[in-house]
Amino acid sequence: MKSKTTVWAAALAAAMVSIILALGGVAVVVSWTRVSTEAIELSVIHADDAVERAWKLPAAASFRHEVSWQSNASLCGPSSLANVFRSLGEDATSEKSVLAGTGLCWTGFCIMGLTLDELAGLARAKTRRRVTVLRDISADGFREHLKRSNDPPHRYVINFDRQMIFGAGAGHHSPIGGYLENEDLVFVLDVNRDYRPWLVERTRLFDAMNTWDGDKKRGMLLIE
């Protein structure tokens, strides 16, 4: 019969292997999906005046000009929820508190990230607010939801393919800060420090969202 020490050592070794594999997997994904600073600046709007106007939109103002950045490339989903919950006055306002007790991403990494449905389940575990998965939305439906994103009780997290906007990258989650309707520009509160909050044409963001993640379309979460 194996001693408790031997069993404990084996479990620890297995955990270490999992962590090492997780780190290696994230490193590979990051190397595949890296986008240059030049490509970022050429692809979206970071102009101070436009972004400043976007920060004054009703829902965006609740974020108080602040985005808590994701701590690694795989945690865009939990980071997005933490930022949204902070804006709504909820308790789970960090990646750690969003993930606590869920069993997800226990190594500190969400290998290959979280799907939209997984992120919805995580959100429901941390708030009593209604969480709705919006998938297979038409272009007109997307525009109507963007109008609602300016309404303070509503928060949206969008799942989109960076490659469609920046020419490289992979799937990503970030909160929507609001919609400059007259200019048809969407304010994305990107949780990746390298990108920072940016504005982009509605049609381009729709095309990036209207892509496949496995056997399902990407989409948005509505938290209200």
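One table, with the values for the structure above:
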{"item": "Unmet criterion (only one of (1) assigned to a loop (DSSP other than H, G, I, E, B); (2) under 25 Å from T211 (Cβ atoms); (3) not aliphatic (A, V, I, L, M)) for N83", "result": "(1)"}
{"item": "Residues located in segment 60-77, provided they are open to solvent by 50 Å² or more (accessible area, probe 1.4 Å) and under 16 Å from the mean Cα position of the chain (by Cα)", "result": "E66, W69, S71, A73"}
{"item": "Residue in segment 15-31 that is open to solvent by 50 Å² or more (accessible area, probe 1.4 Å), at pLDDT 55 or above, among the polar types (S, T, N, Q) and at negative phi present", "result": "no"}
{"item": "Residue check, T132 outside any helix (DSSP H, G or I), open to solvent by 20 Å² or more (accessible area, probe 1.4 Å) and touching a strand residue (DSSP E or B) at 6+ places or on another chain (Cβ under 6 Å)", "result": "yes"}
{"item": "Odd one out for L57 among (1) within 18 Å of the chain's Cα centre (by Cα); (2) open to solvent by less than 60 Å² (accessible area, probe 1.4 Å)", "result": "(1)"}
{"item": "Some residue of segment 78-91 being buried (at least 17 other Cβ atoms within 10 Å of the Cβ), under 19 Å from D161 (Cα atoms), at pLDDT below 95 and in contact with a Ser or Thr (Cβ under 6 Å, 6 or more places away or on another chain)", "result": "no"}
{"item": "Members of segment 113-139 that are within 14 Å of the chain's Cα centre (by Cα) and charged (D, E, K, R)", "result": "D117, E118"}
{"item": "Residues located in segment 191-209, provided they are in contact with a Phe, Trp or Tyr (Cβ under 8 Å, 6 or more places away or on another chain) and among the polar types (S, T, N, Q)", "result": "N192"}
{"item": "Complete set of residues in segment 63-80 that are part of a loop (DSSP other than H, G, I, E, B) and touching a residue at least 24 places away in the same chain (Cβ under 8 Å)", "result": "V67, S68, W69, Q70, S71, N72, A73, S74, L75"}
{"item": "Output for segment 105-128, where each listed residue is open to solvent by 50 Å² or more (accessible area, probe 1.4 Å), in a helix (DSSP H, G or I) and either touching a residue at least 60 places away in the same chain (Cβ under 8 Å) or within 17 Å of S94 (Cα to Cα) (or both)", "result": "D117, R124, A125, K126"}
{"item": "Any hit, segment 161-176, residues being under 17 Å from the mean Cα position of the chain (by Cα), closer than 21 Å to S94 by Cα and charged (D, E, K, R)", "result": "no"}
{"item": "Residues of segment 88-104 satisfying the condition of being assigned to a loop (DSSP other than H, G, I, E, B) and either at positive phi or in contact with a strand residue (DSSP E or B) (Cβ under 8 Å, 6 or more places away or on another chain) (or both)", "result": "G89, G101, G103"}
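The values are calculated or read from the model by the stated rules, or taken from the named source; none is laboratory data. Here the structure is a predicted model, which means the values were calculated and not measured. Note that we place each Cβ from the backbone using ideal geometry, even for glycine, and neighbour counts take in every protein chain shown. Only protein heavy atoms, including side chains, enter the accessible area calculation; ligands, DNA and RNA are left aside. Shrake-Rupley method; radii C 1.70, N 1.55, O 1.52, S 1.80 Å.
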